[in-house]
Every structure is written in C-alpha cells, then in structure tokens.
Amino acid sequence: FRTTIAAASVLVKLVPEAPPTRGAPPTSPDGIPERALATFESYRERRSIDQAWLVMAGLTWDYMHYSHLHKLRATGRVKIAHVVYDTIPVDFPQFVPHASHLYHAHFVEIAQTSELLYAISDYSADRFAKAILEPNLLEANLHAHGLPDFLTEHVEAPKPVPRLNGRRFVSFCSTIEARKNHGLLLSVWKRLLHSIPPEQVPILVLVGKWGWAFEAVKNQIELDPALERHVVVLSNVSDAELVWLYQNSVFTVFPSFSEGWGLAVSESLYHGTPVVMSTAPALAEAAQGLMPQLDPYDVVAWEKALAELIRSPEALATLRARAAAFKPIPVSAFADKLTGLLTA
C-alpha cells in the first residue's frame, strides 16, 4: 500500500488539475468512459494536444472495468499507462487471498490495454516479461525505474515516538502479513533472548497495519510473555515518526519472501541506517547491493547475523559505513523518466 501511494504521489505532480465537471455524474458503470472522455477532451482543447494519457498507479485488480479501458483506447484520443509493482500473486500464490488465475488475467488485461508499462524495479519488469508477456505471446512497451525516497521530501522534522525514546530498538516497516515473514523475526528474537542477556536485546518494532493472514503472528506476540515485553507493534505511525524510527534504529530488518522493490530498505539506507534483509532479488536492487542478504527460511543464520550486530559495535560500524555509500534516487528522476516516456 505504501508503495502504491508513493508511486501515485509522483503521478499527481505530472497531471494538471482536473477541470470542474458539470451536472450529476452517471450512476451506471457505462458512464465511466463518457466522463473520462469529457475530462480528456477538455485537457486536449486547453492544451492543444491530440491525445491524453490515463496513468493507472493503483492496485486495480479488485475493481477495474477492463471493457471501459478498451472503449477509451478505441477512441484513439486516450493512451493508457500502468505502473507495474510486481508479479507476486502469480509467482507466490500462497501469499495472496484469491486464486492465482484471477491476478494472471488482470496482468494480461493491463498488458493488452496499455501503451506503456512502467515497472518499479528491473526485477519486476523482468518477471512481468517472463511470467506474463512471453507465455501469452504478448508484446509491450515495458520500462522500469527504481522507486525514489518519497518519505523525507515532505517531512520537515522527525517526530519522536515517546514509548521508544531512550530505548534501543530494531525496526521492520511493512504491512503485517504472511509474505513479509514476521514469524521468522519472532523466532529469532526468542532465540536471541536465550543467547544474549535480555536487557541487551533491542526491542523489535513492527511498523505497519495488520494485513492478511496475520493471526499466527498476533497470537504469538500476545500470548508469549517474553515476546510481549520485547516486541512493539506500531500501526498508526506518521511520516515524521517513521523518519525518526529509521534514524534511531540500531539497524532495520526486512525478511520478506518476495518484493517488487523494498521501499523500507531504500528508506532506511537513505537515513544511513543499515538493514539486514532476505535474498529476494528486488531487495538487493533497492539496497544497491550494499547490504547482507539471508535465506528467509534460515532462522539460525538470522540469529547469528543479528547477534553479531547486537554484540559487536565494530560489526555494526562496518555495516553503517557500507550504508553510507547508498545513493538515494531523487523523486525527480522517477518522475522525469515517466514524463519522458509519456511525451516521447
């Protein structure tokens, strides 16, 4: 969800303010193309352009009317672009709530209706080509650009989280759901509490809303006294508080099984805080190859790596030095490439 909002925030800057509409909008879905065409026609007349772009930056599979997109394209006055986040529903069907073929059909539809596909990582573009385009004998104008740091652009000053002030903590920012692999972290923290004096083990801060298939994680936190004392869940964090969490974490973690980019990885590194992450390919891309990657199923390897960072100031300093080499992606770079593709 944060990734969707992040990409959409750039698109808002690319689209002029919509002209006011007159009269009550049609209530039938069949009215959608007519309303859209009226808006685009107004743009076309005001800006002396022959065609307009409709850029789809949301996770649209739950409510999209594909027939309307075909109608818009058939007019010849509208071109459609889609932001491609990932192909996780096809590659990892065990981590999504609906049948995989429904998502596959959605991906095929957006490939057929779009003049431009704009992926948020090279990995996502490659997977879309191999999982969707090639098997279905489709061709598409597919491009990619890594996500920039949207977070700090509009945060004037970080805001401390009072319950964590003066405490050592490690943070993981993501929706709390099965794919993100919170269960591994809970197992690791249990092992750390047995191998290291509990007062030396940092608090594990899970930053994110409860998502899908989270019951096992929630029960483990609430029913295990040791974890209850060493795990904090923050589900309503402001951007200013999130910046503070990144800046004040001992380090961050990201054990997800699969990602299309890894926004919390690049955000953490933007603030100079190192991250230990899984072997998901998109995370390596987001981290620019700077950070250690571990098998998301290997609890022992994670315990060993995190214990070293907790116990050894030298090991942590070395990883922080590597994090300092991170080169943030400007918001303008993401937007400028998209603008160039739309106006080419």
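How would you order 125-131, 273-279, 59-65, 208-214 from highest to lowest mean count of nearby Cβ atoms within 10 Å?
273-279, 125-131, 208-214, 59-65
How many Å³ per residue does the convex hull of the Cα positions in the range 165-249 occupy?
Per-residue hull volume (Cα only) is 88 Å³.
Over the range 97-249, calculate the relative contact order: mean separation of alpha carbon pairs under 8 Å at least 6 apart, over the residue count, as a percent.
24 percent
From the mean inverse distance of alpha carbon pairs (Kirkwood) and the Cα radius of gyration, derive Rg over Rh for the range 55-98.
1.07
What shape does the range 43-188 have by the C-alpha gyration tensor, where a ≥ b ≥ c are the square roots of the eigenvalues, rounded means a/c under 1.5, and otherwise prolate means a/b greater than b/c and oblate the rest?
Oblate, because a/c is 1.5 or more while a/b does not exceed b/c.
Return the long-range amide H neighbours of residue 232 (sequence gap of 5 or more, or a different chain), with a cut-off of under 5 Å between placed amide H atoms.
Under 5 Å from the amide H of residue 232 lie the amide H atoms of 204, 205, 206, each far enough along the sequence or on another chain.
May I ask you to order 280-286, 316-322, 85-91, 140-146 by the average number of other C-beta atoms within 10 Å around their residues, highest value first?
Highest mean packing first, the order is 280-286, 85-91, 140-146, 316-322.
Give 159/209; 79/130; 79/337; 159/337; 159/180 a once-over and call out the pairs whose C-alpha atoms are over 29 Å from each other.
Correct reply: 159/337.
Throw me the Rg/Rh for the range 208-311, computed over C-alpha atoms with Kirkwood Rh, two decimals.
0.95
Can you give the net charge of the other residues whose Cβ lies under 12 Å from the Cβ of residue 290, counting K and R as +1 and D and E as -1?
Here the count lands on +2.
Net charge near residue 182, counting Lys/Arg +1 and Asp/Glu -1 over other residues with Cβ under 14 Å of its Cβ?
+1
Report the local net charge at residue 210: Lys and Arg +1, Asp and Glu -1, summed over other residues whose C-beta lies under 11 Å from its C-beta.
Summing Lys/Arg as +1 and Asp/Glu as -1 gives 0.
Return the single residue from 296, 160, 148 with maximal mean-square fluctuation; model: Gaussian network over the chain, springs between Cα atoms under 10 Å.
The residue with the greatest mean-square fluctuation here is 160.
Specify the residue with the greatest mean-square fluctuation among 328, 162, 202, computed from a Gaussian network of the chain linking alpha-carbon atoms under 10 Å apart.
162
What relative contact order, as a whole-number percentage, does the chain give when Cα pairs under 8 Å and 6 or more residues apart are counted?
About 16 percent, as a whole number.
Can you tell me the accessible area per residue over the range 284-344, all protein chains present, probe 1.4 angstrom, in square angstrom?
Result: 53 Å² per residue.
Can you tell me the Rg and Dmax of the chain, counting just the alpha carbons, in angstroms?
That works out to 22.2, 70 Å for Rg and Dmax.
Rounded to the nearest 500, what is the chain's calculated 222 nm mean residue ellipticity when only DSSP H runs of at least 4 contribute -39500 (n - 2.57) each, over all residues?
Value at 222 nm, helices only: -13500 deg cm²/dmol.
Eigenvalues of the Cα gyration tensor times 5, then square-rooted: what semi-axes does that give for the range 270-344, in whole angstrom, largest first?
Here the semi-axes work out to 32, 16, 6 Å.
Calculate what fraction, in whole %, of the accessible area of the chain sits on carbon and sulfur atoms when a 1.4 Å probe is rolled over the protein chains.
54 percent
The values are calculated or read from the model by the stated rules, or taken from the named source; none is laboratory data. What you see is a predicted model, and the numbers here were worked out from it, not measured in a lab. Backbone-built Cβ (ideal geometry, glycine too); neighbour counts: all protein chains shown. The accessibility values were calculated without ligands, DNA or RNA, using every heavy atom of the protein model including side chains. Shrake-Rupley method; radii C 1.70, N 1.55, O 1.52, S 1.80 Å.
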